[in-house]
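Note sheet for the following structure.
The values are calculated or read from the model by the stated rules, or taken from the named source; none is laboratory data. Please read these numbers as outputs of a predicted model, since none were measured by experiment. Glycine gets a Cβ as well: all are built from the backbone with ideal geometry, and neighbour counts include every protein chain shown. Keep in mind that these areas ignore ligands, DNA and RNA; they rest on the heavy atoms of the full protein, side chains included. Shrake-Rupley method; radii C 1.70, N 1.55, O 1.52, S 1.80 Å.
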Amino acid sequence: MTSQPCWVSEQGVLAFVEGDLEPEAELAVARHLAECEECRDQAAEFRALEDAIASGVAAVALRWHAFGTPFGRMYVAAGEGGLVRVSWAPPGDDAWVRELEDRFPDRPVVHEPEDPVLLAAERQLHEYFAGEREDFELPIDLDALPRFSRRVLDALQHEVGFGQVVAYSELARRIGRPRAARAVGNAVGRNPVAIVVPCHRVVRSDGSLGGYGGGVEFKERLLTIEGREDLLRAS
Amino acid sequence: MEGFGPELRAHVRRMLGSADDADDVLQRVWITAHRSPPEASEPGRVRSWLYRVATNAALDRLAADRRRRAALEGRPRVVAPDGPASPDRILDGLGPEGRRRVREHVARLPTKQRRAVWMRQVQELAYAEIAGRLGCSEASARANVYQGMKKLRAELFDVWKQEVTS
């Protein structure tokens, strides 16, 4: 402990903690920290704050990954709470990242192909396309959506299984809003987690397929995977 | 690298005031050194790198001890509900309010700073690597991390302090 002003400034302590010093200065500051309690306390505080910021940034970040499928290049993104996006619409990685950043302006968007949730999503989607999987076991985070949309997509995910279809009006009835078929249609149309939340299983009450965000030919192919060619002929 | 062992041990011991704690911390330093060795190989750089890693590990130990003492004195500690399971991290973890605030302030950073802070603080990438991924110069990568961290630090210091010590 010293009562004289230190030769190491607060900026110097910070630069040391961040690993930003040249070897000679780095060594000198390290030695100083062993001598000066005040600077040591300051450095410990910087370290802890840095960790808190890092864990906070990690908690809010969105990780994404892309991979090839029979449907073209597919994109998935997840945060701490689970999958927030499954898409094959964007015409390239840059467009995809921009879309994510627009959709989630408060979250850092980073390419993280090793993320366990994203790898699980890739594996399970491959299995689904190969006809080897009927249900997805993936955490999904729809918290960014309005409450009504969340209810619609929740019901769709949990109540309409592989190979089943449901009419927009029926889905509206199931969530207790029988007159809201149009709003249900909008919520389904804006489903951010394609396939995993099965918006392709929602059809018109007259038996025709209705639209699909990724293009109606995708809807036909997905329903074919699920053994529902009968619906294609009907429309 | 192990040649620096004795002086490193003396250094950490001076910082912590305890030989047992010093050995404990040094063990972690060697694990780090073997898992992700320094990029440079000149002895001078290796030495200063080892001093940094050891000093930071000792600082973490000091901070954790202090928080543990505070917790024993009956002050509630902050536990991240679902963060990684390392004990130090749990003590450092921010509560729900802290996370909300981090999110809010991260949102205000320009995109480039946000990504740069992520790559440096979470992925712990070298500046050259960050520059490559951001498509900018190394100096600009450095500046982006610096500016972003400066803002986050300024905004979050009080929140963090309150949550960890209140």
Exercise for review: Quick one: in the range A:48-79, of everything that is within 13 Å of chain B (Cβ to nearest Cβ) and at pLDDT 85 or above, which residue is farthest from the chain's Cα centre (by Cα)?
Suggested key: A:ALA61
Review point. Say we look at the range A:2-28 and pick out the residues that are in a helix (DSSP H, G or I) and facing chain B (nearest Cβ under 8 Å); which of these is surrounded by the fewest Cβ atoms within 10 Å (Cβ to Cβ)?
Key: A:GLU24
Review point. Which ones in the range A:108-131 are closer than 18 Å to A:PHE162 by Cα, of a type in the set (A, V, I, L, M) and open to solvent by less than 30 Å² (accessible area, probe 1.4 Å)?
Key: A:ALA121, A:LEU125
Review point. How many residues does the range A:87-107 contain that are open to solvent by 40 Å² or more (accessible area, probe 1.4 Å), part of a loop (DSSP other than H, G, I, E, B) and not small (Gly, Ala, Ser)?
Key: 3
Revision key, fill the gap. All-but-one check, A:VAL110 against (1) outside any strand (DSSP E or B); (2) under 20 Å from B:ILE130 (Cα atoms); (3) hydrophobic (A, V, I, L, M, F, W, C), failing number (1)
Study note, to complete from the structure: Residue pairs within 6 Å by beta carbon, gap of at least six or interchain, first lying in the range B:35-50 and farther than 16 Å from A:ALA25 by Cα, second of a type outside the set (Gly, Ala, Ser) and surrounded by 11 or more Cβ atoms within 10 Å (Cβ to Cβ), listed first then second, are B:PRO38/B:VAL46; B:PRO38/B:TRP49
